[in-house]
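Novice: Let me begin by handing over the structure; questions about it come next.
The values are calculated or read from the model by the stated rules, or taken from the named source; none is laboratory data. Every value quoted in this text rests on a predicted model; they were computed, and no experiment measured them. Please note: Cβ atoms are built from the backbone with ideal geometry, for glycine as well, and neighbour counts cover all protein chains shown.
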Ligand SMILES: Cc1ncc(C[n+]2csc(CCOP(=O)(O)OP(=O)(O)O)c2C)c(N)n1
Ligand SMILES: [Mg+2]
């Protein structure tokens with residue numbers, strides 16, 4: 001695939017945007033501004049930016065717990081994504097969802113429900129609706145290597161394969177599930193996605209830190225799904241730089257391992273070097289994009305900090321209760 005300068009620029013910009021966004025979220029979580037757990041995707045930017053570029057706004061997105069980048073690129077006003085993480089009234093879920101439940105049905109970001117693997121079952125609904133209504137929209141679902149051990153994954157894949165549903169499975173294999181290494185829990189850890197072949201679903205294992213490779217593979221799988229050829233599993237090999245959550249010291253990982261991924265395999269550094277080497281962009285032009293992304297994030301931060309807290313009575317809105325309790 002010959003990528004245009006505009007596409008490469010967008011891929012680069014979106015990766016630096018996600019990187020700086022996560023840095024701000026980490027900083028404010030540690031300062032105590034953000035309620036609840038925060039799972040950061042620093043180091044995994046190519047997976048999110050590459051896949052999202054292959055989708056259109058009407059495609060359904062099922063993020064997981066580590067998907068701020070997906071929510072940021074789904075078409076939602078970005079400041080409302082950060083405001084949601086801050087639990088503010090102006091957040092896209094009214095501050096009720098927080099980091100893990102950023103939902104925007106208008107942009108077809110279907111949110112995450114916190115049960116690992118459940119999104120691989122609920123995503124059958126939107127995929128079936130697209131097929132039934134012949135809309136050619138695709139459903140993309142994100143999940144991790146640890147989640148690959150959950151039963152729902154296989155229940156979902158069986159139906160998706162049988163009905164040839166338009167699903168893009170994005171298996172983000174970052175080598176760890178909390179503190180557990182892939183090798184320690186999976187009986188066949190080499191290519192986790194090979195299991196999909198048992199359901200006649202094709203899979204591809206991709207360097208998840210190469211945004212161009214991710215974008216190209218996702219585009220191919222999305223095209224396949226749109227044309228009625230059914231689901232594909234993309235396994236993206238990557239690494240999370242941070243611990244399981246903001247504040248986790250991650251002492252279970254060898255220091256040298258983290259250093260290799262940071263220094264030698266950074267997805268942003270990698271694209272940057274390629275773009276300069278190919279003379280697509282100069283370092284000054286890329287620095288300017290970096291600066292622009294920081295400015296955009298400062299705008300989001302100002303909005304989130306200045307936004308009001310939700311009113312206490314808002315807490316019981318959208319909560320299902322029985323008739324007699326409601327009538328009280
Ligand atoms: C059914 C279920 N079991 C356990 C948890 C707690 N939990 C949250 S994230 C996580 C690890 C997920 O690992 P992985 O799928 O590799 O994703 P990563 O955190 O590496 O992005 C666990 C066990 C959960 N949310 N749901
Ligand atoms: Mg993992």
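Novice: Under 6 Å between Cβ atoms, which residue pairs at least 6 apart in sequence (or on different chains) link something in the range 131-152 that is on the phi > 0 side of the Ramachandran plot with a partner that is more than 16 Å from ligand 1 (Cβ to nearest atom) and part of a helix (DSSP H, G or I)?
Specialist: Close Cβ pairs (under 6 Å, with a partner that is more than 16 Å from ligand 1 (Cβ to nearest atom) and part of a helix (DSSP H, G or I)) amount to 136/226.
Novice: Let me ask something else about it. Could you say which residue among 258, 233 is touching a strand residue (DSSP E or B) at 6+ places or on another chain (Cβ under 6 Å), at pLDDT 95 or above and crowded, with 16+ Cβ neighbours inside 10 Å?
Specialist: The conditions single out 233.
Novice: Follow-up. Would you check which residues across the range 174-190 are under 20 Å from residue 43 (Cβ atoms), out of contact with any helix residue (DSSP H, G or I) (no Cβ under 6 Å at 6 or more places or on another chain) and surrounded by 13 or more Cβ atoms within 10 Å (Cβ to Cβ) and list them?
Specialist: Across the range 174-190, the qualifying residues are 174, 176, 177, 179, 180, 181, 182.
Novice: Pairs only if they're at least six apart or on different chains, beta carbon under 6 angstrom, first in the range 168-183 and touching a residue at least 60 places away in the same chain (Cβ under 8 Å), second near ligand 1 (Cβ under 8 Å from one of its atoms) and part of a strand (DSSP E or B); list them, first residue then second.
Specialist: 172/144
Novice: With the requirement that a residue be near ligand 2 (Cβ under 8 Å from one of its atoms), in a strand (DSSP E or B) and more than 17 Å from residue 63 (Cα to Cα), what does the range 160-184 give you?
Specialist: 176
Novice: Now, a different point. Scan the range 191-213 and give yes if some residue there is touching a strand residue (DSSP E or B) at 6+ places or on another chain (Cβ under 9 Å), within 16 Å of ligand 2 (Cβ to nearest atom), in a helix (DSSP H, G or I) and within 27 Å of residue 40 (Cβ to Cβ), otherwise no.
Specialist: Yes, the conditions are met somewhere in the range 191-213.
Novice: Conditions: (1) more than 13 Å from ligand 1 (Cβ to nearest atom); (2) in a helix (DSSP H, G or I); (3) under 19 Å from residue 63 (Cβ atoms); (4) out of contact with any strand residue (DSSP E or B) (no Cβ under 7 Å at 6 or more places or on another chain). Residue 219 meets all but one. Number of the miss?
Specialist: Of everything listed in (1) more than 13 Å from ligand 1 (Cβ to nearest atom); (2) in a helix (DSSP H, G or I); (3) under 19 Å from residue 63 (Cβ atoms); (4) out of contact with any strand residue (DSSP E or B) (no Cβ under 7 Å at 6 or more places or on another chain), residue 219 misses just condition (3).
Novice: For the structure I just gave you, tell me whether residue 11 is more than 16 Å from ligand 2 (Cβ to nearest atom), closer than 23 Å to residue 207 by Cβ and in contact with a helix residue (DSSP H, G or I) (Cβ under 6 Å, 6 or more places away or on another chain).
Specialist: yes
Novice: Are there any helices (runs of 4 or more DSSP H) wholly within the range 2-121 with 2 or more residues that are more than 21 Å from residue 315 (Cα to Cα), within 16 Å of ligand 1 (Cβ to nearest atom) and touching a residue at least 24 places away in the same chain (Cβ under 8 Å), and if so which?
Specialist: 5-30, 45-54, 68-72
Novice: Inside the range 248-328, counting only helices (runs of 4 or more DSSP H) that do not spill past its ends, which hold 1 or more residues that are in contact (Cβ under 8 Å) with a residue 12 or more places away in the chain?
Specialist: 255-264, 267-277, 283-306
Novice: Go through the residues of the range 174-189 one by one and say whether even a single one is in contact with a strand residue (DSSP E or B) (Cβ under 6 Å, 6 or more places away or on another chain), modelled with pLDDT of 95 or more and either over 19 Å from residue 240 (Cβ atoms) or within 16 Å of ligand 1 (Cβ to nearest atom) (or both).
Specialist: No - not one qualifying residue is present in the range 174-189.
Novice: Sticking with this one: Among the residues of the range 97-126 satisfying the criterion of being at pLDDT below 95 and either surrounded by 18 or more Cβ atoms within 10 Å (Cβ to Cβ) or within 16 Å of ligand 2 (Cβ to nearest atom) (or both), which is nearest to residue 164 (Cα to Cα)?
Specialist: Out of the qualifying residues, it is 114.
Novice: For the range 127-148, name all the residues that are within 16 Å of ligand 2 (Cβ to nearest atom) and outside any helix (DSSP H, G or I). Can you show your working first?
Specialist: Taking the range 127-148 as the starting set, the residues that turn out to be within 16 Å of ligand 2 (Cβ to nearest atom) are 141-148.
If the condition is that a residue be within 16 Å of ligand 2 (Cβ to nearest atom) and outside any helix (DSSP H, G or I), then 141, 142, 143, 144, 145, 146 are the ones that fit.
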